[in-house]
Every structure is written in C-alpha cells, then in structure tokens.
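First up is the structure itself, then whatever we jot down about it.
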Amino acid sequence: MDMVGIMLHNIDTRVCAEYSKHVSIDAINSAMQDAISFLNPTNDNLTISILITDNKNIAQLNRSFRGIPESTDVLSFPPEGISHEEPGVTELEADQLGDIVISYEEIERQSTKYRQSREEVLNFLLIHGLLHLSGYDHTTPEEQSHMQHKESDLLNQLNIPDNIVYKMYEAHRLEG
C-alpha cells in the first residue's frame with residue numbers, strides 16, 4: 001500500500017504488563033486508525049492515548065475524576081478546555097482527542113457474560129470511549145439511540161459484529 005498522502009493519527013496505546021500477552025497493541029492501533037478516520041473524514045491528524053489496565057487502577061481513576069468509588073469498564077477523558085455542542089470529531093478545535101482507559105478484567109468478565117470474544121468486547125469499549133471523546137453520550141433515550149447507531153456503524157466499518165452493542169446497553173439497563 002502506498003502510504004504517501006495518507007495521514008495517520010497518533011495513537012499511544014499502553015497495556016499493563018500482566019495483560020500484554022492477551023492484547024495486541026497493533027490491532028488496537030489499526031482499529032482506532034480506521035475508526036477515527038471514519039468519524040473524521042477530513043483527514044485531520046488527531047492524537048489519542050489508550051490504556052488497558054485492571055479494575056484497581058480504573059477504580060482509582062473513577063473515584064478521582066468522577067467521584068464514583070468503584071471500577072468500570074471504560075473511562076474517557078477529553079482534553080481540558082474542549083467541549084462539544086453537538087457530537088462529532090470534526091468539530092474539534094485541537095488535534096487532541098483525549099484518553100481512553102479500559103479495564104481488561106471487565107473485558108474478560110463481559111466476554112463470558114455476553115458470550116462475545118474478548119476482542120469484540122475490547123473493540124466495543126474502544127468505540128464507546130471514542131464516541132464519548134467525540135461528544136456522544138447516552139444519558140437520555142434519544143442520545144442512547146443515536147450513540148448505539150453510531151457504535152453499530154463503526155463496528156460494521158471495522159468488520160466486527162455489532163450485536164454486542166445492544167447486549168451491552170440492555171445489560172446496563174437491567175443492572176442499574
């Protein structure tokens with residue numbers, strides 16, 4: 001493939017050592033390159049950081065930044081000073097998308113619970129986090145529907161079955 005003229009996004013992916021044999025940084029970076037380019041067709045060069053960690057670390061972050069003293073599956077941290085009136089990466093005024101933190105322990109738990117591969121759960125959580133960084137949310141039924149459709153679009157773009165989207169939302173609705 002001729003890479004001349006193709007602008008790649010800056011993706012800094014880090015995986016805690018204990019999960020490094022289970023997670024492919026190259027696969028994450030490739031999926032995120034495609035997802036960001038799909039959301040941002042203007043070819044702006046964007047930067048994102050991704051961390052795959054454990055429940056203990058993500059619980060500490062969740063407590064520090066959201067005041068919630070428990071672990072979660074994914075956290076998204078937009079760059080300071082960036083806010084969105086409407087969803088969409090193309091509205092960013094800076095090249096920084098932000099940070100996504102994912103608990104690998106939650107990937108394993110959800111993979112078993114929803115009968116999805118770990119890769120499918122990981123990709124869903126990456127897309128979910130990316131959409132949050134892009135201004136999407138799911139606090140109202142309308143926002144949830146819009147975000148679910150965008151998640152399905154992105155997963156289909158990455159050739160990943162999108163049935164996980166509805167399983168995840170249904171499970172979260174039933175749990176809490």
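The values are calculated or read from the model by the stated rules, or taken from the named source; none is laboratory data. These numbers were taken from a predicted model, which means no experiment stands behind them. Every residue, glycine as well, gets a Cβ built from its backbone with ideal geometry; the counts of neighbours run over all protein chains shown.
Can you go through 68, 160, 127, 107 and tell me which one is aliphatic (A, V, I, L, M), at pLDDT 90 or above and not in a helix (DSSP H, G or I)?
Working: 160 fails: at pLDDT 90 or above; 127 fails: not in a helix (DSSP H, G or I); 107 fails: not in a helix (DSSP H, G or I).
Selected residue: 68, the only one of 68, 160, 127, 107 that is aliphatic (A, V, I, L, M), at pLDDT 90 or above and not in a helix (DSSP H, G or I).
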- Could you list, in sequence order, all residues of region 102-122 that are touching a helix residue (DSSP H, G or I) at 6+ places or on another chain (Cβ under 6 Å) and in contact (Cβ under 8 Å) with a residue 12 or more places away in the chain? 102, 103, 104, 105, 107, 110, 114, 116, 118, 120, 121, 122
- When residues of region 19-48 are filtered for being closer than 18 Å to residue 118 by Cβ and assigned to a loop (DSSP other than H, G, I, E, B), how many remain? 5
- Item | Residues (more than 15 Å from residue 122 (Cβ to Cβ) and touching a residue at least 12 places away in the same chain (Cβ under 8 Å)) located in region 56-71 | 56, 57, 59, 61, 62, 65, 71
- Item | Residue in region 18-33 that is nearest to the chain's Cα centre (by Cα), counting only those that are closer than 18 Å to residue 121 by Cβ and touching a residue at least 24 places away in the same chain (Cβ under 8 Å) | 32
- Query: Restricting region 87-104 to residues that are at negative phi, crowded, with 21+ Cβ neighbours inside 10 Å and not hydroxyl-bearing (Ser, Thr, Tyr), which is modelled with the lowest pLDDT?
  - Reply: 89
